[in-house]
Amino acid sequence: MQKRLALVFVTLVGILSFSCSTNKKLTSNPEPVEIKGIKLLGEYNIPHNMNFKGTVVGGLSGIDYNAKNDEYYIICDDPSALSPARYYTAKIYLKEKGIDSVSFTNVTFLLNKEGKQYPDITKDRIHSADLESMRLNPLKNELVYGTEGQRHAKKDGTLEIQQPTIVIMDRNGVYKDSFELPANMHYQPIEKGPRHNSVFEGLDFTDNYRYLFVNVEEPLYEDGLKAGLGDSTAWIRFIKFDTKTKKQVAQYAYEIDAVPFAPIPADAFKINGVSDIMSIGNNKFLVIERGYSKGRKPSDIRVYIADASSAEDISNNPSIKQHPVQKPITKKLLLDFNTLGLFVDNIEGVTFGPRLSNGHRSLVFVADNNFDTNQTTQFWLFEVVE
């Protein structure tokens, strides 16, 4: 999550509870599909920082669909500052064209390795949890989530370091295991390895849950500069893990676009990075590139189809900057949200949903409001054209 303003400690009461029938014949990790396009069916906003079972709903950063129960699991990136680290279970009811309603049905608090809730980041930064991504493994009835950790510079110049993690938990939020991170995914006291707040933003399973792909949001220090303006693109890495050994299999290079718009003022905050990935089979992924420039209210969201089938393994390449990649992941633009003519916020999650009444697949995106009064928690529904 890129926190553009301070967290707003506001709780608005407003539990959504509607009902509508829907079909449910699709898993979250489907058979390979060739996507020709996606068609917008509707958008749905929930009340800002609404209250659900005593928690503040916002910061929704990852979403996955459980076809068996026709329900969604949505990770929240609040590092226990407003409510304990958590994920939500929700129903999304569809109508003929669009979303009829969204109903939150449960909240689950996540437990750390010691079996305790993660502490409030404002009181204990290095043991907190900045949750950004989550997927269901229905074969084992468990969830996997990614955290960004902390490489936080204090006012006195010292660093608070907590390594990013990829954690396996049961549906009750109980810690089960974790993946072994390769050396270059560890924070360092020098500018080497991941950048703060730019690590495991997206993940998904492939090959019938045999492998797990995870992406960093922005470049490692040694791989070059962050995305800039104009033609200033940048390189990030996808990491492939074996779900049996919990160890890395390979790494691949993916080129992110330049930041689409200049910030105001010119030296203000700007970013472009990958906020989520989703497998569509045959080593292909939907990739969300999320850009933002201060002074511009909407986010700039582009969705790509990325193909890793011919990409070279760069796990032994210490620096993309010094050793350019010959065979990176290729990508093709599927949708630029700016072409929709609607206000688009900070989209950070995507999943296939149920089949629509016409038999086509549905695709659901969720936007993280950063708990900011100027932002909106949005759900977007698309029809997949095959």
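Six or more apart or on different chains, Cβ under 9 Å: which pairs go from a residue in region 200-223 that's more than 18 Å from ILE236 (Cβ to Cβ) to one that's of a type in the set (Val, Ile, Thr) and assigned to a strand (DSSP E or B)? Could you list them?
These pairs meet every condition: PHE205/VAL144; TYR211/VAL249.
Return the pairs, sorted by first residue and then second, in which the second residue is in a strand (DSSP E or B) and among the charged types (D, E, K, R), the first residue lies in region 97-115 and is in contact (Cβ under 8 Å) with a residue 40 or more places away in the chain and over 29 Å from LEU356 (Cβ atoms), the beta carbons are less than 6 Å apart, and the residues are 6+ apart or on different chains.
What qualifies is PHE109/ARG86.
Taking region 118-134 only, how many residues are among the aliphatic types (A, V, I, L, M) and buried (at least 23 other Cβ atoms within 10 Å of the Cβ)?
3
Among the residues of region 290-299, are any of a type in the set (D, E, K, R), in contact (Cβ under 8 Å) with a residue 12 or more places away in the chain and in a strand (DSSP E or B)?
yes
Quick one: is LEU212 out of contact with any Lys or Arg (no Cβ under 6 Å at 6 or more places or on another chain), on the phi < 0 side of the Ramachandran plot, in a strand (DSSP E or B) and not aromatic (Phe, Trp, Tyr)?
Taking the combined requirement at face value, the residue satisfies it.
Inside region 274-285, can you point out the residues that are of a type outside the set (A, V, I, L, M, F, W, C) and in contact with a strand residue (DSSP E or B) (Cβ under 6 Å, 6 or more places away or on another chain)?
Within region 274-285, SER275, ASP276, SER279, LYS284 qualify.
Could you pull out the residue among SER299, SER310 that is among the polar types (S, T, N, Q) and surrounded by fewer than 21 Cβ atoms within 10 Å (Cβ to Cβ)?
One residue alone meets the criteria, SER310.
Which residue out of GLY115, GLY146 is at pLDDT 95 or above, among the small types (Gly, Ala, Ser) and within 23 Å of ILE277 (Cα to Cα)?
Only one candidate passes the filter, namely GLY146.
Within region 244-273, count every residue that is touching a strand residue (DSSP E or B) at 6+ places or on another chain (Cβ under 9 Å) and not in a strand (DSSP E or B).
Selection size over region 244-273: 11.
The values are calculated or read from the model by the stated rules, or taken from the named source; none is laboratory data. Predicted model, so just to flag it, every value in this text is computed and none were measured. Cβ sites come from the backbone with ideal geometry, for glycine too, and all protein chains shown count toward neighbours.
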